[in-house]
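In what follows, a structure is listed as structure tokens, so that the remarks can point back to it.
The values are calculated or read from the model by the stated rules, or taken from the named source; none is laboratory data. Predicted model only: the values in this text are computed from it and were never measured. No Cβ is skipped: glycine too gets one built from the backbone with ideal geometry, and neighbour counts run over all protein chains shown. Just so you know, the surface numbers come from the protein's heavy atoms only, side chains and all, with ligands and any DNA or RNA stripped out. Shrake-Rupley method; radii C 1.70, N 1.55, O 1.52, S 1.80 Å.
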Amino acid sequence: MHEERNADQKKFWDGPTGQKWVQYQTDMDRNLADANAGVLRLAAAKPGERVLDIGCGAGQTSYLLAAAVGPKGHVTGVDISTPLLGAARSHAPKNAEFIHADAAFHPFKPEYDLIFSRFGVMFFDDPAEAFANIHKAARPGARLAFVCWRPVPENAWVVTPAAAAQPFLPPSPPADPLAPGPFAFADPKRVEGILTKAGFRNVKIEKLDGRMHLGSSAENAALQMTNIGPLSRALNEVEDEAVKDKVRAAVTKAFEAMKKDGEVAPAIACWLVSASA
Ligand SMILES: C[S@@+](CC[C@H](N)C(=O)[O-])C[C@H]1O[C@@H](n2cnc3c(N)ncnc32)[C@H](O)[C@@H]1O
């Protein structure tokens, strides 16, 4: 039964994690400014187009796409998180709508000129099946454009806090690189295979390097990176508040040490992925 698929991710994003993302969304939108600019440039949404924003979260990209397609265009944001969709709907422009659905199974009509995502497509249990379904949303000649993460070691925004936290956390088993999660699309060959199998053509995968703009306060940067993101998943398993405090203090110190020009801005390494339907 497909209802059982993506169940872990639905629980994750629909619960406290979704609420924390809403709480930190203004920070997140600033953090992701470099990746955001890169993927919007790649997508090149045009007036009058119909756009599908997969894993739209609190909706910043949907709003920007809605502005780009103008009153004759339309944006549909799709997500599985009730709290994030609530945030997205609260400021929605007239030409954007938000639907609560699993993009892997929603019965899309072939009505979209552009299928877009900012970090929202790496969470499917079966990505080939999910992208075969997403392909059904494409009009003939439609474009796909999304941004996803390159491997963890290239992403200082993950490595720096994880290294600072490591002495205080129990050893964790090595992560499965194919498991649903932020780094599931780190291997570009895998991504190309998934998209090709799903029916996409002309797959192009390019590097995007930039910074995560965590702001001027190392303490706030540490709060963000311990409340949301990969380290938060490890900390969710920790019950001892004293350990959590030690982790936050160590991450704050590490971020303080990397401050440059008054900003905590560790490196980000992403793939910009495009294809035609
Ligand atoms: C890392 S967040 C990115 C959110 C947003 N695109 C942004 O950049 O702020 C990933 C998003 O994908 C959504 N998501 C995960 N699995 C999904 C699925 N199967 N169908 C639709 N959305 C999904 C999550 O609820 C979450 O909002």
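If packing is taken as the mean number of other Cβ atoms within 10 Å per residue, what is the order of 199-206, 266-273, highest first?
Result, highest mean first: 266-273, 199-206.
Where is the GNM fluctuation largest for the chain (alpha-carbon springs, 10 angstrom cutoff): L214, L144, L178?
Among L214, L144, L178, the largest mean-square fluctuation in the Gaussian network model of the chain belongs to L178.
With a 1.4 Å probe and all protein chains left in place, how much accessible area per residue does segment 2-276 have, in Å²?
46
So how strong a dipole does the chain carry about its Cα centre when Lys and Arg Cβ are +1 and Asp and Glu Cβ are -1, to the nearest 20 debye?
Dipole about the Cα centre, nearest 20: 920 debye.
Evaluate the charge dipole of segment 12-128 about its Cα centre and quote only its size in Debye, nearest 20, assuming +1 on the Cβ of each Lys and Arg and -1 on the Cβ of each Asp and Glu.
Roughly 440 debye, rounded to the nearest 20.
Which whole DSSP H helices in the chain pass both tests: a Cα extent of 18 Å or more along the axis and a mean Kyte-Doolittle value no lower than -0.5?
241-258
Report in % the part of the accessible area of the chain that belongs to carbon and sulfur, leaving out ligands and nucleic acids; probe 1.4 Å.
Whole-percent figure for carbon plus sulfur exposure: 56.
Going toward the positive end of the dipole of segment 2-276, with +1 on Lys and Arg Cβ and -1 on Asp and Glu Cβ, which of A267, A101, N36 do you reach last?
Selected residue: N36.
FRET efficiency for N220 and A37, Cβ-Cβ distance as r, R0 = 25 Å, nearest 0.05?
For R0 = 25 Å, the calculated efficiency reads 0.65.
If R₀ is 41 angstrom, what is the calculated FRET efficiency for the pair K136 and V159, using the beta carbon separation as r and rounding to 0.05?
Calculated transfer efficiency: 0.60.
For the pairs K20/K244; K10/K204; K136/K189; K11/K244; K10/K136, flag any whose C-alpha to C-alpha distance is greater than 25 Å.
Distance filter (> 25 Å) returns K10/K204.
Please provide three numbers in whole Å: the alpha-carbon extents of the chain along the principal axes, with the largest listed first.
54, 39, 33
What fraction of the DSSP beta bridges in the chain is antiparallel, stated in percent and rounded to the nearest 5?
Counting DSSP beta bridges with both partners in the chain, the antiparallel share is about 45 percent.
Choose one answer from H74, H213, H91: the residue with the largest mean-square fluctuation in a GNM of the chain with alpha-carbon springs under 10 Å.
Of H74, H213, H91, the Gaussian network model singles out H91 as fluctuating most.
How high is the relative contact order of segment 2-276? Use alpha-carbon pairs under 8 Å, at least six apart in sequence, and give a whole percent.
This gives 21 percent for segment 2-276.
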